[in-house]
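Reading through the structure tokens given below for one structure.
The numbers here are math on the coordinates, done by the rules we state, and not lab data. None of these values were measured; they are calculated from a predicted model. Heads up, the Cβs are rebuilt from the backbone with ideal geometry, glycines too, and the neighbour counts pull from every protein chain shown.
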Amino acid sequence: MQNRWLDPGQVRWAILVRLSLAFVFVLEGYQKLILPQVLGAGRFAKIGIPMPELMGPFVGIVELACGLLMLVGLCARLAAVPLIVIMIVAIISTKVPILLGQDWLMFKLRDLDRYGFLSMTHETRTDFAMLMESLLILLAGAGRWSLDARRWRGRPRG
């Protein structure tokens, strides 16, 4: 099973997806750490995420670390897993309340001009794109231009 996680796959242009993921997650993770009241623990508290003082920095570190792994294509399939979880939680915690137009479970509705399906789809476009890109890397691998590929050369496919 370990071979599957390190297999870079054969996707020639996965580097473009990895660069997109790295750009978003490295910068967002960094900002969660340096601007905790705006994008980290403070924002998590407003959304209704439990233990925001712990979860804000934790998510920031995970985004930064996994984004850097995506950038170089090292253990990219493995790095995609926490990013997928982060994006699913982001959609559930922030977009479902917009869809419903009210607080949902522990998650708080933020103030917008409109609510409902079209507003939710507008607000979730980046989250959805990052989720799909992370799924692509999980399923297809980091591609030919990655450290995973460099480490994989010469090994038999398993």
I'd like the distance separating the alpha-carbon centroids of region 113-139 and region 36-101, in whole Å. 14 Å
Placed amide H near Gly48: partners under 5 Å, 5+ positions off or other chain: Lys108
Consider a paramagnetic label point 7 Å from the Cα of Glu53 along Cα→Cβ; state which residues of region 61-96 have an amide N under 13 Å from it. none
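Set the Förster distance to 30 Å, then compute FRET efficiency between Asp103 and Leu16 from the Cβ-Cβ distance, nearest 0.05.
Numbers: r = 38 Å, r/R0 = 1.27.
Efficiency, from the Cβ-Cβ distance: 0.20.
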Among the DSSP H helices of the chain, those whose Cα atoms extend at least 24 Å along the helix axis and whose mean Kyte-Doolittle hydropathy is 0.5 or higher are 14-34, 52-72
Set the Förster radius R0 to 41 Å, insert the Cβ-Cβ distance between Arg114 and Arg153 as r into 1/(1 + (r/R0)^6), and round the FRET efficiency to 0.05. 0.20
Give the residues of region 121-140 whose amide nitrogen is closer than 19 Å to a point set 7 Å from the Cα of Val96 in the direction of its Cβ. 121-129, 131-132
Please give every one of the aspartates and glutamates within straight-line cross-link reach of Lys108, meaning a C-alpha to C-alpha distance under 16 Å, and leave out same-chain neighbours fewer than 8 residues apart. Glu123
Determine, for Lys108, Lys95, Lys46, Lys32, the number of other Cβ atoms within 10 Å of each Cβ, and report the residues in order from fewest to most. Lys46, Lys108, Lys95, Lys32
Specify which labelled value, from (i) 12, 36, 30, 17, 5, 1; (ii) 11, 42, 37, 8, 1; (iii) 9, 21, 10, 7, 7, 9, 11, 10, 6, 3, 3, 3, 2, 0, agrees with P(r) over Cα pairs in 10 Å bins from 0, in percent derived from the coordinates of the model shown. (i)
